[in-house]
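Trainee: What follows is a single structure, and I will ask about it in a moment.
The values are calculated or read from the model by the stated rules, or taken from the named source; none is laboratory data. Everything numeric here is computed off the predicted structure, so don't read it as measured data. Cβ: placed from backbone, ideal geometry, glycine included. Neighbour counts: every protein chain shown. Each accessible area value is taken on the protein alone, full model and side chains, heavy atoms only, with ligands, DNA and RNA left out. Shrake-Rupley method; radii C 1.70, N 1.55, O 1.52, S 1.80 Å.
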Amino acid sequence: MLKRCFRNRTFIISILMLLPFMLIAILGPLIVTHDPLAIDSVNILKPPSRTYILGTDEFGRDIFSRLILGIRPTLIVALGSTGLAFFLGFIIGLLAGYYGGVVEQLLMRMVDIVLCFPPILLALMIVAFWGSGIVILIFIIGILYTPHFARITYSGVIQVKTLAYIESERSLGASSFRILKRGISPNIMSPLIIQVSLTIASAILLEAGLSFLGVGILPPAPSWGQMIGAAKGYVMLSPNYIFWPSLCLCLTILGTNLLGDSLRDILDPKLNNET
Amino acid sequence: MALIQIFIVLSLVFLLLHIMPGDPAVLALGTDRTVDPQVVEALRHELGLDKPILEQYLIYIKNVANLNFGNSITDKVPVMSYIAERIPRTIELAFLSIIVASIIGVVLGMVAALERKKAADIITTSLAALGISLPVFVLGTLFIYVFSFSLRLLPAGGFIALSKNAGAHYARLVLPVATLALPMAASIARMTRSSMLEVLNKEFVQTLYAKGLSRQKVVFGHVLRNAMIPIVTIIGLQFGNLIGGTVLIEYLFNLPGLCSVLLKAISYRDYPLIQGCIFVMSSFYILVNMFVDILYGALDPRVR
């Protein structure tokens, strides 16, 4: 399995793109040169210099340090919300697919309701009234992406549950829980793993969008989307202020998307000979 | 079906606004300063918040059925007149973008599939991978920087009514539409390519060639037709992103559309206005999804 991963060129490229960001997220506080919140009112919107490697923002804060520490909230929100969506969606999909009937109707229609809303609208509305912050963002984005996981799990379960080996397992007296855990779950994992990486990319995008509008991760804590939002007013004065957070954001999303693409090639043998 | 969905959305919006911590009246008047309780009470009465919750709900549903969302809290203008004024601008932006995106996406995807593993394919697929990873607000800022500030070719945003000056009206739409359309075109191109490839590998395509049909007839008459369903699906799915995209784009390019009203309403916690905007946008979203479902039937008789 791992061997197949490393034979895939896209997989290696995506890992090489994401690894530095992961390391920086972990080692962040050790790398930064300045307090990301420290205001230096003399040096506002300065170009890169020896003290400020990437220059300063509109309050004279060090862009480099803010960039480095901006990774953490982004990753925490993306991973947390994807984890929540996976957990909820997987359980809903398993139960709905396995039991069918009333359970299915109840659970899947509930999931459909979430899909009635355009994602960013629901997020905006909740943020407007509940306030924002990392926990709320994880919760909202998690709920928003639950339907995708629920639907994928559900369609996997109804395909697998009629197969002969599940029947034989049942006739041997296995409990429903055991069948779900040992018989069905491992066999429907591949599309879910692909969806995980795609959802992480979407979650980063959504969080950055909300922060860009000023309703995501709250200032003065640094986050890339919010830095881009602030920097857009100073594009002419200080182009490098907007350049760095945009580049980091694009690279992270591109890396995650490529990872998803390569996992699709690796895990889905049907497509293997096509792409 | 669509009506039921809209009804559910309505009820949920109502529920969400009423289980939110804090009284909308207090929130609207500002939480940070001490407000005269009598003023709060007056606003609560005006908004009907002092009635029992079930009665509020019934009044709300009745008003919405008559397309009456009450008045905006901040400037007392009826919410409906706000929406009626702003919605054509947002719809224009959205539809122009989706049309541009579909044309670019389908054409590039087809070229990539037909030229598989050649230069055109490799360039298109790499650009598409890049395109789906570019956040619209980053792409938009880049466009503003390059085309407005550096080259001074196009205005960086704002809005001029079509009736006043058609040229200026469309010049101000070029950048927003391009920004919205390109990432969508990337997704559409990817889907078109893989869907076309799947059909091109089928045996009936060989039969058609063997029967002596020209490549043009095979590709446009048969392959594209069979590859159309996933393409329509992805275009339909793009509408979800489109609504998110228009929020960001209207903010970035200072377009006074529906989404910018919503953002303003949210920052003032003007909740009749929020309800109105969300209702209109969700209904639009649901209707588009329904339309896509109907299109399936037209494209694939097996679905009917």
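Trainee: Against the empirical 2.2 N^0.38 Å scaling, what ratio does the C-alpha Rg of chain A come to?
Mentor: It is 1.19.
Trainee: Let me ask something else. Given H placed on each backbone N at 1.01 Å, which residues far from B:Asn71 in sequence or on other chains put an amide H within less than 5 Å of it?
Mentor: B:Val79
Trainee: Provide the per-residue ³J(HN,Hα) series for the range B:171-188, in order, calculated from phi with Karplus coefficients 6.51, -1.76, 1.60 and θ = phi - 60°, each as a whole number of Hz, with x at glycine and proline positions.
Mentor: 4, 6, 9, 4, 5, x, 5, 4, 4, 6, 6, 4, x, 5, 4, 4, 5, 5
Trainee: Suppose only helical runs count, i.e. DSSP H with n ≥ 4. What mean residue ellipticity at 222 nm does that imply for chain A under -39500 (n - 2.57) per run, divided by all residues and rounded to the nearest 500 deg cm²/dmol?
Mentor: After summing the helix terms and dividing by the residues of chain A, the value is -24000 deg cm²/dmol.
Trainee: Which trypsin sites (Lys or Arg not before Pro) from the range B:63-126 combine a DSSP loop assignment with at most 13 other Cβ atoms within 10 Å?
Mentor: Here the trypsin sites (Lys or Arg not before Pro) that fit, given the DSSP loop and packing criteria, are B:Lys76, B:Lys117, B:Lys118.
Trainee: Once phi is turned into ³J(HN,Hα) by the Karplus curve 6.51 cos²θ - 1.76 cosθ + 1.60 with θ = phi - 60°, what whole-Hz value does each residue of the range A:184-193 show in order, with x for glycine and proline?
Mentor: 8, 3, x, 8, 10, 6, 3, x, 5, 5
Trainee: Quick one: order B:Tyr268, B:Tyr57, A:Tyr52 from most to least accessible surface, probe 1.4 Å.
Mentor: The ordering from most to least exposed comes out as B:Tyr268, B:Tyr57, A:Tyr52.
Trainee: Please work out how much accessible surface B:Asp50 shows to a 1.4 Å probe, ignoring ligands, DNA and RNA, in Å² rounded to 10.
Mentor: So the heavy atoms of B:Asp50 present about 70 Å² to solvent.
Trainee: Counting only helical runs of four or more DSSP H residues, what would the 222 nm mean residue ellipticity of chain B come to if each run contributes -39,500 (n - 2.57) and the total is spread over all its residues?
Mentor: The helix contribution divided over chain B gives -24500 deg cm²/dmol.
Trainee: Charges at C-beta only: +1 for Lys and Arg, -1 for Asp and Glu. How large is the resulting dipole of chain B about its Cα centre, in Debye rounded to 20?
Mentor: 1400 debye
Trainee: While we're looking at this one, here's another question. List, in order, the whole-Hz ³J(HN,Hα) value for each residue of the range B:150-167 obtained from phi through the Karplus relation with A = 6.51, B = -1.76, C = 1.60 and θ = phi - 60°; use x for Gly and Pro.
Mentor: 7, 8, 6, 8, 10, x, 7, x, x, 8, 10, 4, 4, 5, 6, 7, 5, x
Trainee: Mark the label point 7 Å from the Cα of B:Ala161 along Cα→Cβ and return the residues of the range B:82-123 whose backbone N is within less than 19 Å of it.
Mentor: Within reach of a label on B:Ala161: B:82-93.
Trainee: Ranked highest first by the average count of other Cβ atoms within 10 Å around their residues, in what order do A:2-11, B:134-143 fall?
Mentor: Ranked from most to least packed, the peptides come out as B:134-143, A:2-11.
Trainee: Collect residues whose amide H, placed 1.01 Å from N in the peptide plane, falls under 5 Å from the amide H of A:Thr33; neighbours closer than 5 in sequence don't count.
Mentor: Amide H to amide H, under 5 Å and 5 or more residues apart or across chains, A:Thr33 pairs with A:Ser65.
Trainee: Can you compute the label reach from B:Lys264? Point 7 Å from Cα along the Cβ direction, backbone N cut-off under 19 Å, restricted to the range B:58-87.
Mentor: Output list for this probe position: B:69-87.
Trainee: Continuing with the same structure: What average count of beta carbons from other chains do you get within 10 Å of the Cβ of residues in A:219-225?
Mentor: 1
Trainee: If one takes the longest principal axis of the Cα atoms in chain B, at what angle in degrees, from 0 to 90 and to the nearest 10, does the Cα axis of helix B:2-19 lie?
Mentor: Its long axis makes an angle of about 40 degrees.
Trainee: Rounded if a/c is under 1.5, else prolate if a/b is larger than b/c, else oblate: which is the protein assembly as shown, with a ≥ b ≥ c the root eigenvalues of its Cα gyration tensor?
Mentor: It comes out rounded by the Cα gyration axes.
Trainee: If you don't mind, another one. Modelled label-to-label distance, A:Asp35 and B:Arg152, 7 Å Cα→beta-carbon offset: nm?
Mentor: For the pair A:Asp35/B:Arg152, the computed spacing is 4.4 nm.
Trainee: Across peptide A:125-135, how many C-beta atoms of other chains are within 10 Å of each residue C-beta, on average?
Mentor: 4
Trainee: I'd like the accessible area for B:His18, computed on protein heavy atoms only with a 1.4 Å probe and all protein chains in place. Round to 10 Å², please.
Mentor: B:His18 exposes around 50 Å² with every protein chain in place.
Trainee: Tell me the accessible surface of A:Trp130 in square angstrom (1.4 angstrom probe, heavy atoms of protein chains only), to the nearest ten.
Mentor: Surface accessible to solvent at A:Trp130 totals approximately 90 Å².
Trainee: On to the next question. Please tell me which of these pairs span more than 30 angstrom C-alpha to C-alpha: A:Lys46/B:Lys264; B:Lys118/B:Lys211; A:Lys232/B:Lys118; A:Lys232/B:Lys117; B:Lys62/B:Lys164?
Mentor: A:Lys46/B:Lys264; A:Lys232/B:Lys118; A:Lys232/B:Lys117; B:Lys62/B:Lys164
Trainee: What are the trypsin sites (Lys or Arg not before Pro) within the range A:18-108 that DSSP puts in a loop, where the Cβ has at most 12 other Cβ atoms within 10 Å?
Mentor: Answer by residue number: A:Arg50.
Trainee: I'd like the carbon and sulfur percentage of the solvent accessible area for chain B, probe radius 1.4 Å, heavy atoms only, ligands and nucleic acids excluded.
Mentor: Carbon-and-sulfur percentage of accessible area, whole number: 66.
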